[in-house]
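The values are calculated or read from the model by the stated rules, or taken from the named source; none is laboratory data. Note that the structure is a prediction, hence the values are computed from the model and not measured. Here Cβ is always computed from backbone atoms with ideal geometry, including for glycine, and neighbour counts include all displayed protein chains.
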Amino acid sequence: MGQSKSTTGPFRVCILNQYFVPDVASTGHLLAELAEQLAKSGVLTSVLTCKPSYGPPETWQPAASYEISRGVEITRLWTPRLSKDRLAGRLLNSSVFLLQLLFRLVIRPQRENEVFLYTTNPPYLGVIGAIVSLIRRHRYVVLLHDAYPQLAVWCGKISAGNVLTRLWHWTNRFTYRRAQETIVLCDAARQLVCRTYGIDPERVHVVHNWADGEALHPVPKASSPFAIANGLVEPFTLLYSGNLGLYYDFEAILTAAGELRNEPFRLVFIGAGARRAHIADSIAHLKLSNASLHPYRPFTELNSSLNACDASLVTIAREIEGISFPSKLYASLAVGKPIVALSEPDSELRRIVEDHQVGIWAAIDDTPGLIAGLRRLMSDPVLCQEMGRRARALIESSFSLSAASRAYEDILRRANRA
């Protein structure tokens with residue numbers, strides 16, 4: 001792949017992702033935490049991203065084009081801010097970002113011992129690394145958050161056998177085979193990459209997402225300003241906070257809320273995404289007086305809003321696991337809330353929740369089972385407290401930022417030696 005390499009001098013990592021703090025995208029916040037942790041460990045860390053544009057315009061906060069924040073060098077490129085809910089807008093936003101990246105990385109002065117971490121946001125971002133590696137020495141790792149074109153096919157945006165899908169698979173194969181290593185979020189994603197693109201399993205690593213246990217921590221619901229302001233202190237409250245996207249299943253919980261309307265139960269959604277309008281329509285159509293829908297909260301209020309409940313909803317739609325995995329699981333664990341998980345029976349989400357006894361699980365289409373589980377939690381606050389304590393302990397033992405950062409650094413250093 002080019003010139004001989006040196007392993008002397010400081011180790012450098014450059015993270016590339018379309019969204020980064022202060023944007024509301026969860027991946028941007030996760031990567032900010034990772035970047036800061038790598039910097040603390042002595043890695044010279046930089047980020048190439050764009051100005052905030054993920055959520056609705058009211059969430060866009062001012063952000064410098066260049067800054068050094070908490071030891072991380074951040075460069076934010078200009079892109080159009082067209083709605084990502086429209087295909088044309090999303091394509092134009094990402095295309096402008098990618099063209100700028102390609103130009104910058106080709107002309108950028110060579111830095112010794114630098115490895116690039118390409119995410120899948122936008123989903124074809126890694127192809128920039130593959131192209132640059134044909135031109136100059138460019139060691140890179142792919143971090144798979146959402147698998148495309150599989151997700152686009154699942155959503156019905158494109159068909160499984162058309163020209164675009166075949167071209168996308170060819171591009172992915174090119175990207176993964178040029179990469180030194182690949183990081184995925186669960187075992188199903190590892191199988192998908194290895195099986196679909198013929199990648200050596202030794203070069204594909206499962207590293208779960210994490211939550212910052214210092215920034216996110218348990219607080220009594222009665223102390224949460226969000227809970228107080230929205231009348232959530234007394235009733236049993238189930239909270240969903242995050243992306244209201246197409247690949248999360250909300251039908252069972254909306255139906256369950258209707259069945260529980262005469263009981264001390266509240267269902268709260270916080271976030272935005274392609275299914276937000278559908279959720280709003282369902283709340284109105286089903287006359288769910290016990291359900292409410294709220295916009296994203298500022299990141300400074302995240303710990304307060306995540307603690308404004310008795311349990312956290314984590315859901316993933318049918319045939320999605322491996323294509324995507326819900327990162328909101330880890331934030332919910334960090335604030336010590338029981339998890340109400342909805343997934344397919346063979347899901348890794350189910351295994352985590354049941355094996356560690358940190359919540360309840362129900363199949364996506366098992367509304368009676370979900371209602372029974374919710375009533376069990378509602379009737380047994382001691383059980384909820386025990387599950388919450390185990391949830392917090394699980395973050396500290398298995399899904400901490402420090403543990404994930406060490407795993408990332410090991411893989412990135414391995415890529416530099418390849």
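Quick notes
- Being farther than 28 Å from S402 by Cα and either part of a strand (DSSP E or B) or not assigned by TED's automatic domain parsing to the domain that holds V268 (or both) is a property that holds for L293.
- Scanning region 131-163 for residues that are without any contact (Cβ under 8 Å) to a residue 40 or more places away in the chain and either in a loop (DSSP other than H, G, I, E, B) or within 22 Å of L185 (Cβ to Cβ) (or both) returns Y148, P149, A152, V153, G156, I158, S159, A160, G161, N162.
- Whether a residue is basic (K, R), at pLDDT 95 or above and farther than 18 Å from L31 by Cα was assessed, and R90 does not pass this test.
- When residues of region 364-395 are limited to those that are part of a helix (DSSP H, G or I) and of a type in the set (V, I, T), the one surrounded by the fewest Cβ atoms within 10 Å (Cβ to Cβ): V382
- Taking the criterion of being more than 17 Å from S379 (Cβ to Cβ) and either outside the structural domain of M378 (by TED's automatic domain parsing) or assigned to a helix (DSSP H, G or I) (or both), the residues of region 255-267 that qualify are T255, A257, G258.
- Residue list for region 55-78, filter: in contact (Cβ under 8 Å) with a residue 24 or more places away in the chain, within 23 Å of F103 (Cβ to Cβ) and not β-branched (V, I, T): A63, E73, R76, L77, W78
- Within region 335-354, the set of residues being assigned to a helix (DSSP H, G or I) and in contact with a Phe, Trp or Tyr (Cβ under 8 Å, 6 or more places away or on another chain) comprises E348, L349, R350, V353, E354.
- Total residues in region 13-32, condition of a type in the set (A, V, I, L, M) and within 17 Å of P123 (Cβ to Cβ): 5
- All of G242, G231, G213 fail the test of being surrounded by 18 or more Cβ atoms within 10 Å (Cβ to Cβ) and out of contact with any strand residue (DSSP E or B) (no Cβ under 7 Å at 6 or more places or on another chain), apart from G242.
- Screening S343, S305, S324, S312 for residues that are buried (at least 20 other Cβ atoms within 10 Å of the Cβ), at pLDDT below 95, under 30 Å from A393 (Cα atoms) and not charged (D, E, K, R) leaves exactly one candidate, S324.
- For K51, the conditions (1) at pLDDT 95 or above; (2) out of contact with any Cys (no Cβ under 9 Å at 6 or more places or on another chain) are fulfilled apart from (1).
Here is a yes/no grid of residues against (1) touching a Ser or Thr at 6+ places or on another chain (Cβ under 9 Å); (2) in a strand (DSSP E or B); (3) among the charged types (D, E, K, R); (4) outside the structural domain of D365 (by TED's automatic domain parsing):
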residue	(1), (2), (3), (4)
R195	no, no, yes, yes
A227	yes, no, no, no
L238	yes, yes, no, no
I253	yes, no, no, no
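- Some residue of region 98-110 being touching a residue at least 12 places away in the same chain (Cβ under 8 Å) and not in a helix (DSSP H, G or I): yes
- Subset of region 308-350 (residues that are over 24 Å from P381 (Cβ atoms) and among the small types (G, A, S)): A317, G322, S324, S327, S343, S347
- Taken across region 279-295, residues that are hydrophobic (A, V, I, L, M, F, W, C) and within 20 Å of A147 (Cα to Cα) do not occur at all.
- Filtered by the rule that a residue be in contact with an Asp or Glu (Cβ under 8 Å, 6 or more places away or on another chain), over 23 Å from L412 (Cβ atoms) and among the aromatic types (F, W, Y), region 201-242 gives F226, F236.
- Residue match in region 368-388 (condition: within 24 Å of N243 (Cβ to Cβ), over 19 Å from the mean Cα position of the chain (by Cα) and modelled with pLDDT under 95): no
- Applying the condition of being aromatic (F, W, Y) and surrounded by fewer than 16 Cβ atoms within 10 Å (Cβ to Cβ) to region 36-79 and asking which residue is nearest to I128 (Cα to Cα) yields W78.
- Here is the figure for region 185-206: residues that are closer than 25 Å to A393 by Cβ and buried (at least 19 other Cβ atoms within 10 Å of the Cβ) total 2.
- Scan of region 135-172 for residues that are within 23 Å of the chain's Cα centre (by Cα) and either among the charged types (D, E, K, R) or on the phi > 0 side of the Ramachandran plot (or both), ordered by number: D146, G156, K157
- Here K84 fulfils each of the conditions (1) surrounded by 20 or more Cβ atoms within 10 Å (Cβ to Cβ); (2) over 16 Å from I15 (Cα atoms); (3) more than 21 Å from the chain's Cα centre (by Cα) apart from (3).
- Counted residues, region 178-197 - those being among the basic types (K, R), in contact with a helix residue (DSSP H, G or I) (Cβ under 8 Å, 6 or more places away or on another chain) and without any contact (Cβ under 8 Å) to a residue 40 or more places away in the chain: 1
- Set side by side, the residues T119, T59 differ, and just one is β-branched (V, I, T) and closer than 24 Å to T175 by Cα, which is T119.
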